[in-house]
Every structure is written in C-alpha cells, then in structure tokens.
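Notes follow the structure.
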Amino acid sequence: MSIIYTPEKKLFTLHTAGSTWQMKVGRYGHLLHTYYGKRVEDMDLSCLIREMNRGFCGVPYEAGEERGYSLDTLPQEYPTFGVGDYRTACLHAIHEDGSQAAELRYVSHRIYDGRYQLPGLPSVRASGTEAQTLEILLRDKSSELEVVLYYGVLEQADVITRACRIQNRGKTPVRLLRALSCCVDLPDGNMDLISFHGRHAMERNVQRTRIPHGRLSVGSTRGTSSHQSNPFVILCDPDAGEEWGNCYGMTFVYSGNFLAEAETDQTDQTRIVMGIHPDGFCWTLEEGEAFVTPEVILTFRPDGLGPLSRTLHDLYREHLIPRRFLEKRRPILLNNWEVTEFDFTEEKLLSLAESASGLGIELFVMDDGWFGERNHDRSGLGDWTVNHAKLPSGLHGFSEKLRNIGMKFGIWIEPEMVNEDSALFRAHPDWCLQIPGRSPNLERCQLVLDLSRQDVREHLFARISEVLDESQASYVKWDMNRNLSDVWSAALPASRQGEVSHRYVLGLYELMERLTGTYPDILWEGCSGGGGRFDAGIFCYMPQIWCSDNTDAVERIRIQYGTSFGYPICAVGAHVSADVNQQTGRRVPLETRAEVAMAGTFGYEMDVQKLDASEQEQVRRQIQNYIRFEHIIRLGDYYRLTSPDTDETLAAWQFVAKDLTESLVSIVALHPKANPPFRRIRLRGLKEYAVYRIDGEDQIWKGSALMYAGLPVPLLWGDYQSCHFYIRRL
Ligand code: DGJ
C-alpha cells in the first residue's frame, strides 16, 4: 500500500520507493503538512509540527486562546489568501460581496488504485497497479467553495503528483485570482532553489539561489513556458551536489504561464508553491462550475542532483512520453533550415537530400517556407497550401521523390500563428488574439491565433490533416515563434478575458491530442524558436523538442547540461550544423559537433554537399557510431561528470546501459592550455567488481578503478577537440 490512512490520528502517509509524504487533519480541520523527505516507516511525524505564540500571528476563531495554532506558521497542504496566512498562497478567491477569503477544512477523503483524471490536461500516465490516488475534499464553510486535492503516488517510479479541482458549490459566482496546483512546506530554512533561466538561443542556464526571507519567484507570463524560465525547479540542501544532499524536484506539467515561488518565513521554514501564474489570470466559477489545475510532479532524492535527474529521466520514458516512440530508434535526419532558410526550390532540396541519403541520413525535413507566399517571415503563415513555385510536384510528388531516393519525408508547421499578410488573416481577422482599438504587439511579424476558439481549432485540424495526408509525412516539427500578448478573445465576454491564456493552452492540448492521436505513426518534434516551450506538457504528446536555435556545439554543451537536470536526453533535439556556426561565428571540429549532437536525438542541419571526401567519411562514421550507441543514449542512465559552471577546461558526460554492461563517455576540451595539468575523469554508475574493456584498448579495468581512480583524459590539442570511450563489460 503506498497510501495509508490512520483514522484515529486523521493521518495520511504516502510512500514511494524512497520517499514519504505525510499530512494530518489538524484539530480545527486544517490539512497540515507533517513531512516530506526520505522514506520513514510507521511513524506519526506530526510531532514535527510545533506550536508557539509568535506574536502578530493570528489564529482561527475557534482556536481562541491557543495562540500557537496559527495558519501563519503552521505547515499546510493548500494555503489560502485572506485568513491569516501571510505567506505565498495557492488559492485567492473573490466572492460576490467583494470579500477575499477562503478557509479550507477537511470534509472527507477517498483512496483508490489508479490515477485521478484531469480533463483536457496532460498528465503522468500509469496503470492501476502502478499508481494509487488519494483525494481529499476541503471546504470553505462560509462560501461553500470546495477544493479536492489530488495526490497520485507512483511508488516504483518514486514520484508523487499533485493537482486540484476547485468547485463553486455556492449560489453566487466566485472569481479565482490565484489557483495554484501545489504547495510544499518544509520545516527547514537555509535551502537553495535551482532554476533554469535563459533567452532565445541560450535556454536553461542553471541558477542557484539561497531562498531568502521574502519571496523568490521564477515564472513566465509569456503565454508559453518560455525560453526565459522553465517550469522545473529544484529545492535542495545548500551543500547538495551531484551525488549528495536532499533534493526536491518540482515539474509543472504545463506549457503556458507558470509561477514557482519560494520563501523562507519568519520562523525559518521554507515554503514553495507552483501553478499557473496569477498575473492576468482571473477565472469565474458560476454556481456548480469547477476549475481543474494542471499537475505538478514531485520527486525527492536524498542522494543528490544526479539521482534526482535520473529518476525524472525514467519517469519521462515510462510515464510521460508516449511509449510508442521510445521503443525504437528514431531516424537520423537532415533539416534544411540552416542551409537554405526560405530560399529553396524542389530541385535544390532534392539534390541536398540525395547527398544526405548517400551518407546514411534517413529522413529529410523540409522546414519553414514551403507554403503560401512564405518567401520571408513577413507573409504566408496560416496558409497551409503548398507553394507550387517552389515545389512544382506538390507535397505528394515531392515526398514521393524523396522516398524514391530512400529518404523519409518530414515537414515543418506552425499551426498557432498567422501573418497579417496571409489569406487566413484577410478572411478571419477576428481569429487572432488582439484587443479592439489597440495595435497589437508584433513578434516576427506574426500574430497568435486564438486557440481558445473551437472554430479556429477545427480549421487547423482540417488544414493540417490535409497536409499530412497529402504529404504522407513520417515526421512533423511543430514550431511556435512568438509569445502571447494582447490576450483578448473575440469569442468571450469581458468577464472571461482573464481566462484566455489558460483556455489557449487547453485548446493547444486538444489540437495536439487530436493530431498526434490521428497520426500516431508520425514522429512529432515540438519547437518554439528552439526551446521556448520545452516542458512536460508538450512531452505528453511529443517525444522530442528542438532544444535550442543555438547549434554552436560549445554553447550547446551548456544548454544541454542545464536541460539534463529535468529532462531526458532522448528527448533533446540536437543537430550537427555548419562550420562556421551561424549563431556565434565559432569554429568547432566536425567530430566535436557530432559528439555533442549525440547527446540528443542526432541529426544534421548543414549543406552536406559542401563536405570534402574526408568530411563525408567522418559523417558516415558518426552515423554508424550513433546507430551503434543510440540504445544506451535513448534508454540508459545519464551522468553529468563535469559542470560548465565550475570546469572551464573540460566537459564530460556519460551514459550507462541499465544492465551496466555498456557505457559511453564523451569528453570535449573547452579551453586548451599550454603545458596542461593531467586530467582524469571519474566515471559513475558502473559495477564495482565487474571487469570492463575500453573499445580499442587492451587494458582491462575494474568498474571500481574506472569510478574511483578515474580514466586518464588524453591530451586534446587544439580548440574544442573531443573524444569518446565506449566501455564494455567482459
Ligand atoms: C524556429 C525554429 O527553432 C527553427 O529551427 C526554424 O524552424 C525556424 N523557426 C523557421 O522559421
């Protein structure tokens, strides 16, 4: 049993393989948090909740003289605004009389096998034997606002998921100004928050900050999860590292606005809340209506950031990314974007594809520019009909020609957008998000289609289906190249405009569900100007996301390093691009560009026709290598061996097959030095007593020697040289 209820104590205990979450109904009915951390057996930990009159900390009316029973200091499961807890809250409701309060008390609960349902929202997938659910019903007596807290326990996967359903059982409308998904109250202060910030073409840089007194928040109000911030954070001990320390991961299964807000309170306890960002959010619940929040995945590891990441990587593979994609190797692709941008013809693409096919590349992806009047980024978006001037054979004819030369066909789409200069915009100007009487903010000359509207979604489904049927595509890249602004829908009344951003995301999920469900054999890749929507929500539909528009291998080391904390390597879109790199002007050897792209889905985005004979030979070898190793990369465990924040000379990472019989270690020299110190790299994750051999070498190694003594790093001469070691158990 992973969920235990002890009625005499009104105590709920949730166990995963390595963690315990516990809570208790307090003596006045509030749901109090007692513990979250390393697994603890058979113990009522409510002794950890201590009460003391702290002064200027009010108490619920019935508590009267019990001045230590203050919501302002007690650890809680779902704190609310307006009733004496001044810390960051999960729920902020306004009632018809203008009052802003909700005090939630326990009513009942339900425990069952399997998972709770979040209609319209992506969430973790698990069978009745893999998961148990606890639902706790709380009610605000005065307003009859009800909250059902959902706890999903995936014992073996070692995670707990949370979400909630807020329902208006009263007679008058309630407006929700804040409806977050979860709160974690921990008794200790002095904790770090690790978050992932960035910008276009430089996503997911690691930032580590001590949680201050006062609030520390990261989030997005851009309508997407964003390049600038990522809906995944880690709370950890101040000295936690790759292999030690208590670490708590929080992943938001959502692709729109989000907030993760942490604070150290007046008595040095830590609180963190996560959910839809309240800025611009206002959701009206009429009598009987309910609002369901997106899900948060909670992961705890007592032994460091590396194990935390690997627990999450396994979770994505087993319970988030549709399984059908993980069972087989994905094709090695060539994408034409960095080669041609909009400037291509069928002839040009076919000749590129032919050369690629000769090198062993298996899939040709035609990126932006194939439709409507799309000869630059100022026109054509929204017009999903082929541009015959560029592709005289049409989609069907062109893809047929590709198949005839042994290549699969992949296509780029950006369904959510429209250029003002397009037939779609001219026909339906009211279909995009913009505010009457205001000139909308433009990004890349495009506007956002109002996906909260059913008619818009129907149109997109029909048009994109035609494209897929006609082209027989076996891969689709779903791009999204701007943030939301001027968020206003012509289809909703004034009182509902605060709902548009979330309704947009719900509409997006409905469209993704429908398209990926109708075309399950297509390999779907998410994208938003690179990694602007790299989140668990998208991964519930698509097995990979283009990680960044920055294809400079050296920059990618940092981006992929940050990404690996919360996301599996098999989902990281990574390509070998041209020399000189288009984003930075840097020159990196072809071998190293491939080494870095191998820590991802692996493909090319360069004019392979320009390669000389020896480079062509290198590419053939890279492809053979990738095919040889990809099962370890797709299915194995990933270890960060160095950090770009602390090691300026080397970057190293390692994959280990689950059965510990094979391992692949990649090393890149970041900064060659004169007369350099010798370096060795201590490997991880091998079997201590097993005997291993490094491919191409005679020496036999014990696993313990590779892990504790370490592997001598060869002297890498010249800029950004690299090498890898394939290690096999004898
Ligand atoms: C942004 C993507 O990240 C690029 O790879 C490319 O597809 C362009 N959009 C095309 O407009």
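Every number here is computed from the coordinates shown, using simple stated rules; none is lab data. Quick caveat, the model's predicted, so the values are computed rather than measured. With ideal geometry, Cβ positions are generated from the backbone for all residues, glycine too; neighbour counts draw on all protein chains shown.
Amide H of Asn230 versus every other amide H placed in the peptide plane: which residues, excluding those fewer than 5 positions away on the same chain, fall under 5 Å?
Phe196
Rank these for me by crowding, Ser564, Ser528, going from fewest to most other beta carbons within 10 Å.
Working: Ser564 22, Ser528 28.
Sorted ascending by nearby Cβ count, the order is Ser564, Ser528.
How far is helix 553-564 tilted, in degrees, relative to the longest principal axis of the Cα atoms in the chain, given as a value from 0 to 90 rounded to the nearest 10?
30 degrees
Given the convex hull of the Cα atoms of region 209-298, what is a quarter of its surface area in nm²?
Working: hull surface 30.7 nm².
For region 209-298, the mean projected area of the Cα convex hull comes to 7.7 nm².
Could you sort out which of Lys328/Lys658; Lys38/Lys658; Lys408/Lys610; Lys658/Lys702; Lys24/Lys658; Lys328/Lys477 sit more than 28 Å apart by Cα distance in this structure?
Values: Lys328/Lys658 16 Å; Lys38/Lys658 24 Å; Lys408/Lys610 22 Å; Lys658/Lys702 18 Å; Lys24/Lys658 39 Å; Lys328/Lys477 19 Å.
Violating the 28 Å Cα-Cα cut-off are Lys24/Lys658.
For n ≥ 4 DSSP H runs only, could you compute -39500 (n - 2.57) per run for the chain, divide by its residues and tell me the 222 nm figure to the nearest 500? Intermediate results must be reported in sequence, preceding the final value.
Values: 11 runs with 129 residues, N = 730.
Estimated from H runs of four or more residues: -5500 deg cm²/dmol.
Excluding residues on the same chain fewer than 8 positions from Lys401, give the aspartates and glutamates whose Cα lies under 18 Å from its Cα.
Glu346, Glu347, Glu354, Glu362, Asp367, Asp469, Glu470
Would you tally the net charge around Asn168, using a Cβ to Cβ cut-off of less than 12 Å, leaving Asn168 out, and scoring K and R as +1, D and E as -1? Kindly include the intermediate steps, with their values, before the conclusion.
Working: positive: Arg139, Arg165, Arg169, Lys171, Arg175; negative: Glu96, Asp140, Glu144, Glu146, Glu286, Glu287, Glu289.
Summing Lys and Arg as +1 and Asp and Glu as -1 gives -2.
Among Val619, Val588, Ile632, whose Cα sits farthest toward the positive end of the charge dipole of region 575-661 (+1 at Cβ of Lys/Arg, -1 at Cβ of Asp/Glu, about the Cα centre)?
Result: Ile632.
Which lysines, on any chain, are close to Lys171 with Cα under 26 Å apart, when same-chain ones fewer than 8 places away are left out?
Filter leaves Lys141.
How fast does region 13-165 diffuse by Stokes-Einstein, in µm²/s, taking the Kirkwood radius from C-alpha pairs at 20 °C and 1.002 mPa s?
Values: Rh = 16.8 Å.
Answer, rounded: 128 µm²/s.
Cβ under 13 Å from Arg628's Cβ, Arg628 left aside: what net charge do those residues give with Lys, Arg +1 and Asp, Glu -1? If you can, show how the numbers build up before the last one.
Working: positive: Arg329, Arg620, Arg621, Arg634, Arg728; negative: Glu630, Glu662, Asp695.
My count for the surroundings of Arg628 gives +2.
So if I take the alpha carbon set of the chain, get Rg, then get Rh from the Kirkwood formula, what is the Rg over Rh ratio? Before the final figure, lay out each step's value.
Numbers: Rg = 26.7 Å, Rh = 27.1 Å.
Taking Rg over the Kirkwood Rh, I get 0.98.
Equivalent ellipsoid semi-axes for region 396-510, as square roots of 5 times the alpha carbon gyration tensor eigenvalues: give them largest first, rounded to whole Å.
In descending order the semi-axes read 32, 14, 12 Å.
Within a Cβ distance under 13 Å of Lys38, other residues only, what is the Lys/Arg minus Asp/Glu net charge? The partial results should precede the final answer.
Numbers: positive: Arg39, Arg301; negative: Glu41, Asp158, Asp237, Asp303.
It works out to a net charge of -2.
What ranking do His631, His724 get, fewest neighbouring Cβ atoms within 10 angstrom at the top? Walk me through the numbers before you get to the answer.
Values: His631 14, His724 20.
The fewest-first ordering by Cβ neighbours comes to His631, His724.
Cys247's amide H: which non-local residues (gap 5+, or another chain) put their own amide H closer than 5 Å, with H modeled 1.01 Å from N in plane and none for Pro or chain starts?
Amide H neighbours of Cys247: Arg301, Asp303, Gly304.
Just rank Ile411, Ile694, Ile4, fewest to most, by other beta-carbon atoms within 10 angstrom. Show your work: numbers first, answer last.
Details: Ile411 24, Ile694 17, Ile4 14.
If I rank by nearby Cβ atoms, fewest first, I get Ile4, Ile694, Ile411.
Dimensions of region 437-482 along principal axes (Cα, Å, largest first)?
Cα extents, longest axis first: 42, 23, 13 Å.
Give, as ranges by residue number, the residues of region 675-701 whose backbone N falls under 11 Å from the point 7 Å along Cα→Cβ of Leu730.
691-694, 698-701
Roughly speaking, what % of Cα-Cα pairs in region 50-124 are separated by over 18 Å, rounded to a whole number? Please report the intermediate quantities before stating the final value.
Values: 1575 of 2775 pairs.
Roughly 57 percent, once rounded to a whole number.
According to the Cα gyration tensor, what semi-axes, each the square root of 5 times an eigenvalue, does the equivalent ellipsoid of region 280-349 have, listed from largest to smallest in whole Å? Mind dumping the intermediate values first?
Numbers: eigenvalues 295, 151, 40 Å².
So the equivalent ellipsoid measures 38, 27, 14 Å along its semi-axes.
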